[in-house]
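Quick notes on the structure that follows.
The values are calculated or read from the model by the stated rules, or taken from the named source; none is laboratory data. Predicted model only: the values in this text are computed from it and were never measured. Here Cβ is always computed from backbone atoms with ideal geometry, including for glycine, and neighbour counts include all displayed protein chains. Just so you know, the surface numbers come from the protein's heavy atoms only, side chains and all, with ligands and any DNA or RNA stripped out. Shrake-Rupley method; radii C 1.70, N 1.55, O 1.52, S 1.80 Å.
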Amino acid sequence: MEYIHDSDGSSSSSHQSLKSTAKWAASLENLLEDPEGVKRFREFLKKEFSEENVLFWLACEDFKKTQDKKQMQEKAKEIYMTFLSSKASSQVNVEGQSRLNEKILEEPHPLMFQKLQDQIFNLMKYDSYSRFLKSDLFLKHKRTEEEEDDPSDAQTAAKRASRIYNT
């Protein structure tokens, strides 16, 4: 596989079937699976003062992969203290929050935050995500991608078109 170097020196595959912005626009799931997409979405949410939503979602994704019981307990406590406690520094707004207390941390399990994570996902999907797709931040990135397209492709298409129309 060939690699092309982007202006920032990092290499990216020249054989990407879909542009990242096209993938991001297809679904929130695609956006959240792409580290660059997450970075851009976080920038956007920061401006909207709701970055904690995506941070909570990412923390829950990481939590679900945790195998070790002790580590799970630590991460559960961290998620609770950061996002769910009434004193949380980056509190997310989820239903049933007032009923959540530290007791849930005593017996952590991989899906303990799933319902809350789903709520936040839906909040992002039907609220911030649609605004993100209309934002300058997204549209600028999309334009940059389109400009980076191989100009020789455009030329060959133009030549082909002129050959077709000049017969």
Inset, instruction - Show which aspartates and glutamates lie in cross-link reach of LYS65 when reach means a straight Cα distance below 14 angstrom and same-chain residues fewer than eight apart are skipped. - result: GLU74
Inset, instruction - Might you work out the accessible area of ARG42 for me, using a 1.4 Å probe with all protein chains in place, and round it to the nearest 10 Å²? - result: 90
Inset, instruction - For TRP57, TRP24, write out the residues from largest to smallest accessible area, computed with a 1.4 angstrom probe and no ligands counted. - result: TRP57, TRP24
Inset, instruction - Leaving ligands, DNA and RNA out of it, report the carbon-plus-sulfur percent of the accessible area of segment 88-144 at a 1.4 Å probe. - result: 50
Legend entry - Two-site FRET efficiency, GLU148 against GLU78, from Cβ-Cβ distance with R₀ of 25 Å, rounded to 0.05: 0.05
Legend entry - Theoretical gain in end-to-end length, ARG131 to GLU36 [0.36 nm per residue, Cα-Cα removed]: 32.4 nm
Inset, instruction - Grab the beta carbon distance between GLN91 and LYS46, set R0 = 22 Å, and tell me the FRET efficiency rounded to 0.05. - result: 0.90
Legend entry - Accessible area of MET81 in the full protein assembly, 1.4 Å probe (Å², nearest 10): 80
Legend entry - Accessible surface of LYS69 - all protein chains present, 1.4 Å probe, nearest 10 Å²: 110
Inset, instruction - Go through ASP136, ASP127, ASP34 and list them by solvent-accessible area, largest first, probe radius 1.4 Å. - result: ASP136, ASP127, ASP34
Legend entry - Residue-normalised accessible area of segment 63-108, expressed per residue, 1.4 Å probe, Å²: 71
